[in-house]
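Worksheet for the structure shown next.
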Amino acid sequence: MADTPPLRRSMLYLAGAYPQMLDAYPSFPADMFCFDLEDGTPPHDKLAARERIADALRTIPDGAGRERLLRVNGLDTPWGHGDCTMAATLPLDGVLIPKVEGAGMVRQVTAILDAGGAPAALRIWCLVETPLGVLRAEEIATASPRIAGLVIGGTDLAETLHVRQTAGRLGMLHALSHAVLVARAHGLTIIDAVHPNYANTDGFAESCAQGVEWGFDGKSVVLPATIGMANAAFGPNVEEIAHARTQVDAAGGAQDGYASLHLAHARRVLATAALIAQQDALRATLQPAP
């Protein structure tokens with residue numbers, strides 16, 4: 001499993017304005033957690049939320065060892081630089097930058113993290129949520145060795161493209177497919193947007209199935225009740241696991257390119273299934289979310 005990437009089927013946003021969510025975060029079944037200082041925190045609460053999140057990260061470990069990101073405010077706000085400076089000192093796996101529109105934004109954040117003494121393992125994730133972000137996705141993806149992945153900001157992208165957020169998302173199909181293409185070309189993870197109807201679960205499963213079909217690795221989640229659906233959609237199902245096991249068992253000494261390609265995929269499926277089982281076992285020892 002050494003070459004298998006971390007599980008990233010679901011990324012739960014944890015708004016800095018809600019201490020009860022921060023305190024309970026390890027008990028939620030998400031693969032990733034994104035502590036949110038931007039959209040999830042009103043302006044009057046930005047500084048207090050920064051300390052709130054820092055305290056949670058330092059004092060509430062996750063027994064399942066899942067990735068923890070911090071969505072910072074943009075560097076064009078009064079809080080962005082301070083958010084990034086603090087992130088460099090926290091037990092985090094990544095920093096999520098909002099509204100990235102070019103390599104310059106990534107390099108600025110990289111410089112702040114480096115100056116703050118951030119470890120090399122602290123990665124940068126970029127929110128693609130504007131037309132310029134889509135058009136410059138490749139320069140963003142290659143802007144820093146810290147880059148780990150792209151995340152779609154669906155609401156802002158729809159608004160800036162002047163398209164409606166319909167269930168089919170046809171108005172955003174080109175933009176989303178382009179972002180997936182860039183991520184695949186450069187070996188990055190790409191996480192689909194929050195479901196537009198985030199206030200309830202209507203259509204969420206269909207949205208996840210669409211994301212899988214279009215090539216995303218996982219789904220951004222706001223409602224904890226939808227985490228299980230995202231995990232089920234973006235993880236291998238029973239039939240896929242059984243088929244992969246059959247392929248591996250029957251492979252023998254096959255060396256041709258076609259067989260090797262399918263064998264590699266089958267091994268990834270089995271490795272992912274093993275990671276899921278391992279994480280589920282670890283989470284079973286944690287207290288359930290209230």
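The values are calculated or read from the model by the stated rules, or taken from the named source; none is laboratory data. These numbers come from a predicted model, not from an experiment. Methodologically, a virtual Cβ is constructed for each residue, glycine included, from the backbone with ideal geometry; neighbour enumeration extends over all protein chains shown. With ligands, DNA and RNA removed, areas are computed over all heavy atoms of the protein, side chains included. Shrake-Rupley method; radii C 1.70, N 1.55, O 1.52, S 1.80 Å.
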query = Taking the highest mean first, how do the peptides 266-275, 125-134 order by number of other beta carbon atoms within 10 angstrom per residue?
reply = 125-134, 266-275
query = For the stretch 72-111, what is the accessible area per residue in Å² when the probe is 1.4 Å?
reply = 37 Å²
inquiry  = Between the stretch 96-169 and the stretch 25-90, what is the separation of their alpha carbon centroids in Å?
reply    = 17 Å
For the stretch 1-159, size of Cβ-based charge dipole, Lys and Arg +1, Asp and Glu -1, in debye = 280 debye
inquiry  = Taking the solvent-accessible surface of protein heavy atoms with a 1.4 Å probe, what is the per residue accessible area of the stretch 14-70 in Å²?
reply    = 37 Å²
remark   = With the 8 Å Cα cutoff and a minimum separation of six or more residues, the chain has a relative contact order in percent of 18 percent
ask   = So what's the stretch 14-106 giving for Rg/Rh, alpha carbon basis, Kirkwood Rh from the mean inverse pair distance?
value = 0.95
ask   = With the other protein chains left in place, how much accessible area per residue, in square angstrom, belongs to the stretch 120-174 at a 1.4 angstrom probe?
value = 46 Å²
remark   = With label points set 7 Å from each Cα along the Cα-to-Cβ direction at residue 60 and residue 77, the distance between them in nm comes to 2.1 nm
remark   = Summing +1 per Lys or Arg and -1 per Asp or Glu among the other residues with Cβ less than 11 Å from residue 33's Cβ gives -2
Whole-number Å³ per residue for the convex hull built on Cα positions in the chain = 138 Å³
ask   = Carbon and sulfur together cover what percent of the accessible area of the chain at a 1.4 Å probe radius?
value = 57 percent
remark   = Looks like the stretch 161-252, by Cα gyration tensor root eigenvalues a ≥ b ≥ c and the a/c under 1.5 rounded cutoff (else prolate when a/b is bigger than b/c, oblate otherwise), is oblate
remark   = Other residues with Cβ under 12 Å from the Cβ of residue 220 give, with Lys and Arg +1 and Asp and Glu -1, a net charge of -2
note = Mean Cβ-within-10 Å packing, highest first, puts peptides 19-32, 233-246 in the order 19-32, 233-246
note = Taking only protein heavy atoms and a 1.4 Å probe, the highest-to-lowest accessible-area order of 162, 265, 186 is 162, 265, 186
inquiry  = Taking 8 Å as the Cα distance limit and 6 or more residues as the minimum spacing, I'd like the relative contact order of the stretch 163-252 as a percentage.
reply    = 24 percent
